[in-house]
Amino acid sequence: TRTSGTMLSFLFSGLFQRYPNLKIALSEGEAGWIPYFLERAEQVLDKQRHWVKKGVRFQQHAGASGIDLDTLDIRGTFRDHIFGCIIDDAHAIASIELGHIPEDNIMCETDYPHSDTTWPDSISVIKNRINHLPEETQYKILRGNAERLYRFTPAEPPVLATA
């Protein structure tokens with residue numbers, strides 16, 4: 001998928017090392033696939049870093065620029081820089097429960113007005129999907145992680161005048 005390729009390109013690009021405050025959100029792609037790709041990236045890194053030491057330029061194969069493969073921590077880099085977005089993804093929620101995806105790195109999205117949306121039932125769909133999780137985790141997924149990533153404080157809902 002394009003989303004997984006984007007995540008892998010960023011992980012191996014060296015951009016997060018050069019710009020330690022850089023954060024990205026992977027929207028419109030769900031997140032249940034993330035644990036597999038992180039595991040696979042670690043496997044590839046473990047095997048391929050040895051070719052680099054023998055003189056094969058990693059840049060030619062993965063587009064990396066000056067990244068230190070001996071110190072690259074795939075999961076740590078993901079945790080510090082990448083956020084996944086979910087619309088209705090049971091696998092992502094299970095992965096959070098199993099500790100395969102940090103709960104601090106997943107946000108809900110509605111994808112409105114696209115056809116992949118759960119609108120107009122977006123809130124009830126995501127709440128039903130996560131209602132068994134601890135309240136703190138629910139808050140993070142529903143809005144806390146987005147508030148932190150995008151550095152905003154939501155406005156209070158308007159008080160509607162009654163006639």
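The values are calculated or read from the model by the stated rules, or taken from the named source; none is laboratory data. It should be emphasised that the depicted structure is a prediction, and the values quoted were computed from it without experimental measurement. As a convention, Cβ positions derive from the backbone with ideal geometry for all residues, glycine included, and neighbour counts pool all protein chains shown. What goes into the accessible areas is simple: the full protein's heavy atoms, side chains included, and nothing from ligands, DNA or RNA. Shrake-Rupley method; radii C 1.70, N 1.55, O 1.52, S 1.80 Å.
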Original post:
Yes or no: Leu160 out of contact with any strand residue (DSSP E or B) (no Cβ under 6 Å at 6 or more places or on another chain), of a type in the set (A, V, I, L, M, F, W, C) and under 21 Å from Ser95 (Cα atoms)?
Top reply: no
Per the list (1) free of Cβ contacts under 8 Å to residues at least 40 places away in the same chain; (2) open to solvent by 40 Å² or more (accessible area, probe 1.4 Å); (3) over 19 Å from the mean Cα position of the chain (by Cα), residue check on Thr118 breaks on (2)
Against the definition (at pLDDT 95 or above, over 21 Å from Glu28 (Cβ atoms), open to solvent by less than 60 Å² (accessible area, probe 1.4 Å) and outside any helix (DSSP H, G or I)), how does Leu69 come out, yes or no? no
Scanning the range 77-93 residue by residue, the ones that are open to solvent by less than 40 Å² (accessible area, probe 1.4 Å) and not in a loop (DSSP other than H, G, I, E, B) total 10
Here the residues within the range 30-66 that are open to solvent by less than 50 Å² (accessible area, probe 1.4 Å), in contact with a Gly (Cβ under 8 Å, 6 or more places away or on another chain) and at pLDDT below 80 are Ala64, Ser65
So, first residue touching a residue at least 12 places away in the same chain (Cβ under 8 Å) and part of a loop (DSSP other than H, G, I, E, B) in the range 129-144, second residue open to solvent by less than 50 Å² (accessible area, probe 1.4 Å) and of a type in the set (A, V, I, L, M), Cβ within less than 9 Å, six or more apart or across chains; the pairs are Leu133/Ile93; Leu133/Ile96; Leu133/Ile141
If you go through Glu103, Glu109, Glu135, the only one that is open to solvent by 40 Å² or more (accessible area, probe 1.4 Å) and in contact with an Asp or Glu (Cβ under 9 Å, 6 or more places away or on another chain) is Glu103
Expected single match for touching a helix residue (DSSP H, G or I) at 6+ places or on another chain (Cβ under 8 Å) and small (Gly, Ala, Ser) among Gly14, Gly32 is Gly32
